[in-house]
Amino acid sequence: MSSPSKLSALPTQPPGSPKKGKAPPADKGDKSEKGDKKPNAKAEKAARRAAKLAARPPPPPEAPAAQAGTSGTAGAQAGNPAGPSRHRRAVAAAEAASSRPSAPPNPAQQYFSHLPEHRDAGTPAAFASGKIHPVVVRLGVLIASGTLRGASARTMAVLEAFREVVHDYTCPENAVFWKDLNSHISPMIAYLETCRPKGVGVGNAIRWFKGEITRLGETEGDATEAAQKAALSAAIDIFIRDRIVVAGQVISDNAREKIKPDDVIVVYARSSVVERALLDAIAEMQAKDRSASYSVVIVDSRPLLEGRALLAALTAGGIPCTYTLLPLAATAIARASLVLLGGSSLNSDGALHSRAGTAVVAMLAKEYRVPVVACVETFKLSERVALDDLANNELGEAHDLLSIPTAPALQIPEPLPKHLSTLTLLYDLTPPEHITAVCTEVGFIPPSSVPTLLGKSAITA
């Protein structure tokens, strides 16, 4: 504790005096001078901003929708002599768009947007690229226009086109024939894919063809370019003969054994194999007995109406026919003896991928206990397993669906209403339990035996 003498020795400061080392506070007059400087600085800053805005060029006139959307912020922008900024206009347009009532979601766009749509062949771009052979361009136009529609017809046309490509191909110097040929045909395969999806039959044929080209590298030795071209052309001819032409004839021979006199055969749309089987059956039947015959009921559906061509072929062959549409198929199947169906492909679980409407005919046949025979060549077999046909399908043209030449009053005028969309699926999937037997060039097999047939066809391919 310090003594009183020491405390008294310390210097004392009056209560109102400033502390040591600090300047005395300014009086009130100085504070008023500093406060007067702030409004002057703000005014100068506003004047400089106004001068910059005045020096800019005037903004372009806004669209009526944008003007209507920015009306809510007009009060905040009234002090801006040059109008709203670009950022403010974008924000106002976004607010206006979000305030509009949104259209209901389109199920076709939601669930089927992954499916390929019909598109033009792109002939000028194909010729301009210089990588597409003219024969392949012509084939792409035929496929895209629907002139070549069946799986067997498209497969034959694709292989014949590649045979012409091989014939006209010239291997560059210092290049390996089979390696460069694979690179040469790749753009053509991609072009055909843009015209229309290949499908199982065409895909298997192209895969086989590329395998034959690769096999040349294993066995070429000292073979000349001409010899390798001849080997590829011969291989293509053998594939077309054995896997398509002869296979169709053998299937026709097997299927016509199931057709008896006075039978009623129900078919759907048009299949080249089914058409050949029906014509061969009537020819064989009438060769034994001129009075023997059977009748055919052709079930068809819009928009393709492929059954009309089958109707013309069968009536020209002397077969009594009845033509009806899919909504009346139950009446025809109730008195049928056999249902013959064609197919675009056959999955490994025995499900049939065919023209849309085939599954309805097969289900009706099972309901009325009518046997169903699917006629499919082995080159159309697929290792795929699917529960439905939504993942691997194609979209048809909307114009074909809306065009009704026989009933103009029912046609919907174009352009279509805002909330109306069209959906045309070209294929459906028939479950294996609705198919009694599968007729192939190997013979009749149950749908459950397709995996075994897949292994055999892979070995003999």
Quiz item: Can you pull out the strands (runs of 3 or more DSSP E) entirely within the range 307-368 that have at least 3 residues that are touching a helix residue (DSSP H, G or I) at 6+ places or on another chain (Cβ under 8 Å)?
Solution: 321-325, 338-342
Quiz item: Could you count how many residues in the range 274-294 are small (Gly, Ala, Ser), surrounded by 15 or more Cβ atoms within 10 Å (Cβ to Cβ) and either touching a Phe, Trp or Tyr at 6+ places or on another chain (Cβ under 8 Å) or without any contact (Cβ under 8 Å) to a residue 40 or more places away in the chain (or both)?
Solution: 2
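Give the residue, chosen from SER98, SER102, SER129, SER113, that is among the hydroxyl-bearing types (Ser, Thr, Tyr), at pLDDT 70 or above and more than 28 Å from SER183 (Cα to Cα). Explain how you work it out, then say what you get.
Details: SER98 fails: at pLDDT 70 or above; SER102 fails: at pLDDT 70 or above; SER129 fails: more than 28 Å from SER183 (Cα to Cα).
Exactly one of SER98, SER102, SER129, SER113 is among the hydroxyl-bearing types (Ser, Thr, Tyr), at pLDDT 70 or above and more than 28 Å from SER183 (Cα to Cα), namely SER113.
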Self-check item: Every residue from the range 363-388 that is basic (Lys, Arg) and surrounded by fewer than 20 Cβ atoms within 10 Å (Cβ to Cβ)
Solution: LYS366, ARG369, ARG384
Self-check item: Cross-chain or 6+ apart pairs with Cβ under 9 Å, the range 158-176 first and under 20 Å from TYR191 (Cβ atoms), then not in a helix (DSSP H, G or I) and not hydrophobic (A, V, I, L, M, F, W, C)
Solution: VAL158/LYS198; ALA161/HIS133; PHE162/HIS133; GLU164/HIS133; VAL165/HIS133; ASP168/HIS133; TYR169/HIS133
Practice problem: From the list GLU212, GLU275, pick out the single residue that is of a type in the set (Asp, Glu), out of contact with any strand residue (DSSP E or B) (no Cβ under 7 Å at 6 or more places or on another chain) and not assigned by TED's automatic domain parsing to the domain that holds LEU325. | Solution: GLU212
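The values are calculated or read from the model by the stated rules, or taken from the named source; none is laboratory data. Keep in mind it's a predicted model, so treat the numbers as computed, not measured. Positions of Cβ are backbone-derived with ideal geometry, glycine not excepted, and every protein chain shown enters the neighbour counts.
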